[in-house]
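Comments concern the structure below.
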Ligand code: HAM
């Protein structure tokens, strides 16, 4: 039997309804903030991710699935040049949504000079070649927003309020959520800060793991996130970003916090929060569920340099993304099932001799917007009723020889077993009335 790829999941039944529910809540909540939906391709040029996410990040170096066509592989293998393959891998499956949306914004000029900001949200699969474990998949689903052209600290706070409102609407108990925030500075103050962290790591090099020593050269701030507990202990004494902000960044951060206080949003400042993507400037944030053990359920921040990195004009921006699979796991632990029950339906049952009359009935009900089911397997009337029960049908429309001869249908309430006969010409309006 064919097997699905490890670290991927099939979305169907209640799990699919949960994903759709999450998208519906996103549409509603983000809509009130003026965001419109966008869909960008799942496949982009590698350069889009390298420029945006950063060449030295784990996401780009180790986790990105490169894509190449069968024809290219064949021609290179025929020439015996497996080496050439890597150089020709110009396409990749998106590991996240931000770089692609920003690429689309640059290419389609979503934020013309002096124009209004672009407020976009998206939902879809992302791909990262990680070792699969609980809450960590190779194909997972994100809902995210990108707000391009907004520089005011109020927009950082609005974004965070919107994220926490979204989590609340999904059913999270607010006291179970832990929002952490930090400011990472900008192009003015961060280079000097990064050098300080590099120097700190090198001063403690005999106590740090090999990965951190490599990070010191490539991306020293990532050492704050090292999985090795000893490295994290050492890094607890490292210089912290909020202590090294320039005046503009410090003032921006202070205003974001003031707005969050005004909105009554509880947060914890974590001066070691650095996030795994290089495009962030100033505000960064992450949300975890206490005790859920699934890692962050969402995260984001400001990226004022990203439009330029993708070839556009200098344009500030910010956003966040949340992970569907982790949210579903964490909500389940709180007893919330996002994909509750299937929507109810009406079942049209018949005796086999009048089967042809069912065809028109189901079409008429569906035309009236009613979710309608009927038997397509030649079952007996009794097993049709059983099937209707199983499907959770609220009403059954029953057609028998006598009904068809008399031009009527019987409508049966599946809970109370009450039955009424109504003329065939009028039955859809009676069904609709009974459903309301
Ligand atoms: P991220 O923190 O890499 O940020 O991912 C956002 C969320 O996606 C995570 O908090 C987590 O819930 C989920 N996630 C990430 N990787 C996996 C995985 N392997 N398996 C399951 N879930 C996962 C971003 O992707 C940024 N683009 C967010 C952003 C938007 N920043 C600004 N705008």
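The values are calculated or read from the model by the stated rules, or taken from the named source; none is laboratory data. Small disclaimer: the values here were computed from a predicted structure and weren't measured. Positions of Cβ are backbone-derived with ideal geometry, glycine not excepted, and every protein chain shown enters the neighbour counts.
Details
- Residue 106 in contact (Cβ under 8 Å) with a residue 40 or more places away in the chain, away from the ligand (no atom under 13 Å from the Cβ) and within 16 Å of residue 306 (Cβ to Cβ): yes
- Enumeration of residues in region 276-287 that are more than 11 Å from the ligand (Cβ to nearest atom) and under 21 Å from the mean Cα position of the chain (by Cα): 278
- Being in contact (Cβ under 8 Å) with a residue 24 or more places away in the chain, under 20 Å from residue 119 (Cβ atoms) and within 15 Å of the ligand (Cβ to nearest atom) is not true of residue 273.
- Matching option when the condition is at pLDDT 95 or above, within 10 Å of the ligand (Cβ to nearest atom) and surrounded by fewer than 20 Cβ atoms within 10 Å (Cβ to Cβ), among 329, 240, 306: 329
- Selected residue [surrounded by 15 or more Cβ atoms within 10 Å (Cβ to Cβ), within 12 Å of the ligand (Cβ to nearest atom) and assigned to a loop (DSSP other than H, G, I, E, B)] from 294, 322: 294
- Any hit, region 403-415, residues being surrounded by 11 or more Cβ atoms within 10 Å (Cβ to Cβ) and out of contact with any strand residue (DSSP E or B) (no Cβ under 7 Å at 6 or more places or on another chain): yes
- Restricting 312, 300 to those that are surrounded by 14 or more Cβ atoms within 10 Å (Cβ to Cβ), within 15 Å of the ligand (Cβ to nearest atom) and in the same structural domain as residue 163 (by TED's automatic domain parsing) reduces the list to 300.
- Residue check for residue 369: away from the ligand (no atom under 14 Å from the Cβ), part of a loop (DSSP other than H, G, I, E, B), over 30 Å from residue 114 (Cα atoms) and within 20 Å of the chain's Cα centre (by Cα): no
- Among the residues making up region 60-74, a single one is exposed (fewer than 15 other Cβ atoms within 10 Å of the Cβ) and assigned to a strand (DSSP E or B): 66.
- Entry remark, region 124-140: residues being within 8 Å of the ligand (Cβ to nearest atom) and within 12 Å of the chain's Cα centre (by Cα) number 2 in total.
- Only one entry of 55, 28 meets the criterion of being exposed (fewer than 14 other Cβ atoms within 10 Å of the Cβ) and in a helix (DSSP H, G or I), and that entry is 28.
- Of all residues in region 342-352, one or more are surrounded by fewer than 21 Cβ atoms within 10 Å (Cβ to Cβ) and either within 16 Å of the ligand (Cβ to nearest atom) or not in a loop (DSSP other than H, G, I, E, B) (or both).
- Of all the numbered requirements in (1) within 16 Å of the ligand (Cβ to nearest atom); (2) surrounded by fewer than 20 Cβ atoms within 10 Å (Cβ to Cβ); (3) closer than 25 Å to residue 263 by Cβ, residue 121 misses one, and that requirement is (2).
- Check on residue 133, buried (at least 17 other Cβ atoms within 10 Å of the Cβ) and closer than 25 Å to residue 23 by Cα: no
- From the options 13, 52, residue that is in contact with a helix residue (DSSP H, G or I) (Cβ under 8 Å, 6 or more places away or on another chain) and modelled with pLDDT under 95: 52
- The residues in region 179-203 that are crowded, with 18+ Cβ neighbours inside 10 Å and outside any helix (DSSP H, G or I) can be counted, and the count is 9.
- Residue in region 376-396 that is touching a residue at least 12 places away in the same chain (Cβ under 8 Å), surrounded by 12 or more Cβ atoms within 10 Å (Cβ to Cβ) and in a strand (DSSP E or B) present: yes
- Residue in region 90-99 that is in contact (Cβ under 8 Å) with a residue 24 or more places away in the chain and part of a helix (DSSP H, G or I) present: yes
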